[in-house]
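A quick write-up on the structure given underneath.
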Amino acid sequence: MTIVSTGAGHGGKKNNGVWTDPGAVGSGYKEADVARTINNKMLTIAKCKDTTDNAGTSINNNLTNIARNINAGADGYAISNHLNAFNGKATGVEVLYGSTTDKAIAAKLSAAIAKATGLVDRGAKDGTWLYIARNSGAGKKVLLIEWGFIDNKSDMKKLMDNMDKGVKAAMEVLGYKSTTNNTPVKNTYLSIKQPTIVKALQDVLVYNDKERKKLSSIVYKKDSVFFIDKEIAVPGSVKVGQPRSGGYCTLNDKWVAPRFKQ
């Protein structure tokens, strides 16, 4: 079992740095931003179709585009990443299933993410009413993950601190392992000794802090080029870059590469 697609909910087109549909907002975060961070991590592992919509000019247009993107892919499991919001106190992760036949896998996903992140396990929920479930083909098995409550600061701290663990746990339920021998994959990074023009190998998110927990409004789209002035080491043997436009971005060589051979 593997997935055929994964996407971030909400967003649509950005106008002057503002999402058409930011989704839920709370604790200093926007759902569209956090969902894209999670989705990009899942894409790195699964290397499947990205159904995220960055062109929609209305909430309805955004939903229509996402459903169309799902339908354009192969039959199989289609993941949609979201965050909940309610009253600032509601808590936990849950997974909505587009078909009752997928209730069991939804429950496993929710439990695995909860265990990895420390979030409350709200379990599997009926999602047959979801627009993307009702408007995708019969062979599309929609699973919508609500990765916690964005207006609950405790939920967001757990999610942001343990996001990699949560994504890894989710992907293992969906049939992906870190490596065949359970040895963690070693990430490698660009070395920036002087200002360097780099090319985005996929969409590169820019953060306001070097720990990469607070997203900025800047995204370098795949195949775009930009300057990185210097590298900075952060705990965990990770290096981040400082783009000339400001903020911090990954230097992982699966995401960025020198524009010119060095």
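Read the figures in this text as sums done on the coordinates, not as results from a lab. Small disclaimer: the values here were computed from a predicted structure and weren't measured. Neighbour counts are summed over all protein chains in view; Cβ atoms, including those assigned to glycine, are modelled from backbone coordinates with ideal geometry.
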Ellipsoid semi-axes in whole angstrom, largest first, where each is sqrt(5λ) of the Cα gyration tensor of the chain | 29, 20, 19
Do you know the relative contact order of the range 63-150, to the nearest whole percent, from alpha carbon pairs under 8 angstrom that are 6+ apart?
-> 48 percent
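Please go through the range 63-109 and write out the trypsin sites (Lys or Arg not before Pro) that DSSP classes as loop and that have at most 10 other C-beta atoms within 10 Å.
Of the trypsin sites (Lys or Arg not before Pro), the ones in loops of the range 63-109 whose Cβ has at most 10 other Cβ atoms within 10 Å are Lys89.
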FRET efficiency for Ser154 and Val225 from the Cβ-Cβ distance with R0 = 45 Å, rounded to 0.05, comes out at 0.65
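Report the calculated FRET efficiency for Lys108 and Asp164 (r = Cβ-Cβ distance, R0 = 25 Å), to the nearest 0.05.
That gives a FRET efficiency of 0.80.
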Calculate, in whole percent, how much of the Cα-Cα pair population of the range 121-262 lies beyond 20 Å.
-> 61 percent
Would you mind giving the three semi-axes, in whole Å and largest first, of the ellipsoid equivalent to the range 81-204 according to its Cα gyration tensor?
-> 29, 19, 17
Length-normalised contact order for the chain - Cα pairs under 8 Å, 6+ apart - percent = 17 percent
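Can you bin the range 16-82 into rounded, prolate or oblate? Criterion: square roots of the alpha carbon gyration tensor eigenvalues sorted a ≥ b ≥ c, rounded for a/c under 1.5, prolate for a/b above b/c, oblate for the rest.
Oblate is the answer for the range 16-82, as a/c is 1.5 or above yet b/c matches or exceeds a/b.
Using a Förster distance of 22 Å, how high is the FRET efficiency between Ser58 and Ser245, based on the Cβ-Cβ distance and rounded to 0.05?
Working: r = 29 Å, r/R0 = 1.30.
My answer for the efficiency is 0.15.
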Compute the Cα gyration tensor for the range 52-133, then decide on rounded, prolate or oblate, letting a ≥ b ≥ c be the square roots of its eigenvalues: rounded whenever a/c is under 1.5, prolate when a/b is larger than b/c in the other cases, and oblate in all that remain.
-> oblate
